[in-house]
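Read the structure below first, then the notes.
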Amino acid sequence: MNMTSKIDIKHLNLFYGDKQALFNVSLKIPAFQTTALIGPSGCGKSSFLRCLNRMNDIVPHARMEGKVLLDREDIYAPSVDVVELRTRVGMVFQKPNPFPRSIYENVAYGPRIHALFKRKSELDEIVEVSLKRAALWEEIKDRLHQPATRLSGGQQQRLCIARAIAVNPEVILMDEPCSALDPIATAKVEELIDELREKFTLIIVTHNLQQAARVSQQTAFFHSGYLVETGETGALFTMPQDEKTQGYITGRYG
Amino acid sequence: MNQHIVKAYDEELETLHRLIHQMGELTLEQIQKAMDSLVGRDEKLAHGVIEHDYEINHLETRIDELSIRILALRQPVASDLRTVVAALKIANQVERIADYASNIAKRTLMLTDYPPSLLMEDLSSLVKKPTEMLKKALLAFATYDVNLALRVWHMDREVDEQYNAYLLQLFDIMIASPQNISPSTHLLFAAKNIERIGDQSSNIAEAVYTMVMGKPFKESELS
Ligand SMILES: Nc1ncnc2c1ncn2[C@@H]1O[C@H](COP(=O)(O)OP(=O)(O)O)[C@@H](O)[C@H]1O
Ligand SMILES: [Mg+2]
């Protein structure tokens with residue numbers, strides 16, 4: 001397999017105070033693919049995800065060791081502008097969290113604060129393209145200036161994805177993006193994830209194993225802060241190499 | 001292997017194993033009875049074999065239904081998925097073997113018109129290896145024993161050799177006297193069915209190999 005790694009994580013340890021949450025995790029994230037992170041609650045998936053765009057910087061007592069290379073450059077190097085990093089590595093959260101503003105303003109927010117356009121018409125275009133890429137445009141193009149909070153849960157989550165896309169990131173991190181959605185809304189987001197892969201590198205944390213199997217090309221299984229097994233998704237779900245992985249994905253006692 | 005958190009899931013997989021076992025036992029019995037009918041020229045026994053074939057077909061249907069149910073409701077992965085897929089294949093192969101038993105019984109009905117011959121009795125030696133293959137292949141499935149599956153697979157060559165030797169004898173007596181041609185043709189078909197039991201058993205062994213190893217069986221990879 002000859003794939004370029006978009007992110008290369010090397011010997012990552014993470015501590016919250018005295019408590020170690022991640023142990024010597026090394027993982028390569030291939031470009032333009034979706035990597036799924038699975039594992040029991042509290043195994044460190046969200047913590048790991050937050051290391052990839054330095055969200056742990058703002059968590060008190062959090063301390064990280066090891067390296068996270070984005071396009072071979074250390075994102076923890078002193079010269080790195082964290083705000084710029086977070087535009088390159090965007091994030092979508094578990095619960096849709098639109099601002100209490102219009103649909104338009106939700107998407108326009110990022111481009112505005114990062115000054116990504118010169119004319120209003122350019123901003124309009126960014127908003128339209130982002131909503132189209134998030135597969136929401138057709139549903140809401142006639143009510144762009146209505147409050148985002150009036151959208152359904154599934155539409156709100158796609159709006160949050162549009163908002164993440166609007167600043168033209170390279171990587172999108174998603175932490176259980178469908179856990180608050182019904183099956184149809186979930187299917188739409190999954191279809192979207194599959195399309196986004198053309199332009200972005202995606203990493204998704206999910207509790208739904210079937211979802212991991214459906215949307216990802218690479219799966220990483222975490223357990224108690226350790227990365228137990230990584231593999232091509234089809235291989236991991238048919239012939240896992242580790243007993244712990246086998247036990248977890250088949251729903252057996254560990 | 002550890003148990004599933006959901007007990008009903010374990011029970012369903014156990015039922016699948018039990019049904020395959022039951023189907024296998026019945027099929028072995030059918031083979032034995034078909035051979036006894038042939039050698040003992042027992043038409044009643046032969047009819048019994050033919051009539052009981054539906055039971056095995058019925059078991060195959062139950063295995064199909066249960067497998068599809070497990071696939072739909074449990075969405076099995078890893079070793080569970082491989083077990084269900086193997087069960088589906090093996091049920092189909094055992095059903096075919098049961099058809100061979102019933103075919104042999106049909107030959108009994110035609111052969112009772114002819115005088116007994118030593119070649120008829122030889123068929124009961126010919127059936128020993130394929131029967132052993134079937135028993136072992138089913139045991140390999142029940143115990144996830146890949147080495148046993150490989151041994152079964154290797155036995156098929158011996159079955160082929162015995163079958164070819166038997167054919168030569170049949171040809172000899174057909175050439176010796178045209179009167180022998182009709183009964184010998186029936187024996188030839190019976191022998192062919194016996195040989196196919198070996199083939200199907202070796203397919204079962206391949207399915208067990210894939211189930212345990214998680215990859216397709218390839219002859220070229222055998223050491
Ligand atoms: N901000 C935090 N402060 C202290 N401990 C934390 C914090 N966030 C997570 N943890 C701990 O780190 C471990 C991993 O948590 P988390 O990354 O949220 O796991 P997951 O996302 O796999 O459920 C847990 O033991 C959790 O209690
Ligand atoms: Mg989490």
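A few points about this structure:
- Distance in nm between pseudo-label sites at A:Arg150 and A:Glu195 (7 Å out along the Cβ direction from Cα): 2.4
- Note on region A:112-254: the C-alpha convex hull projects to 10.3 nm² when averaged across all orientations.
- Chains B and A together bury roughly 1200 Å² of accessible surface, counting both sides and using a 1.4 Å probe on protein heavy atoms.
- Principal-axis analysis of the Cα atoms of chain B puts helix B:181-213 at an angle of about 20° to the longest axis.
- Counting only Cβ charges, +1 for Lys and Arg and -1 for Asp and Glu, the dipole size of the protein assembly as shown around its Cα centre is about 2140 debye.
- Straight-line cross-link reach from B:Lys44 at under 20 Å between alpha-carbon atoms covers these lysines, not counting any fewer than eight positions away in the same chain: B:Lys33, B:Lys106.
- In chain A, inverting the average of 1/r over every pair of distinct C-alpha atoms gives 18.8 Å as the Kirkwood radius.
- Globularity ratio of the protein assembly as shown, using Cα Rg and 2.2 N^0.38 Å: 1.39
- The alpha-carbon atoms of chain B define a convex hull whose volume equals 110 cubic angstrom per residue.
- Note on B:Glu14 and A:Thr4: their simple-model spin labels are 5.5 nm apart, each label 7 Å out from Cα toward Cβ.
- With the simple model of a label 7 Å out from the Cα in the direction of the Cβ, A:Ser79 to A:Ser121 spans 3.9 nm.
- Considering helices alone, the calculated mean residue ellipticity of chain A at 222 nm is -10500 deg cm²/dmol, with DSSP H runs of length four and up weighted by -39500 (n - 2.57) and normalised per residue.
- Only the Cβ atoms of Lys and Arg (+1) and of Asp and Glu (-1) were treated as charged; on that basis the dipole of region B:7-222 about its Cα centre amounts to roughly 280 debye.
- Kirkwood-based Rg to Rh ratio, region A:2-96, C-alpha trace: 0.94
The values are calculated or read from the model by the stated rules, or taken from the named source; none is laboratory data. Owing to the predicted nature of the structure, the values given are computational and were not obtained by experimental measurement. Because the Cβ atoms are built from the backbone with ideal geometry, glycine has one as well, and the counts that use them run over all protein chains shown. Protein only, heavy atoms only, side chains kept; ligands, DNA and RNA dropped before computing areas. Shrake-Rupley method; radii C 1.70, N 1.55, O 1.52, S 1.80 Å.
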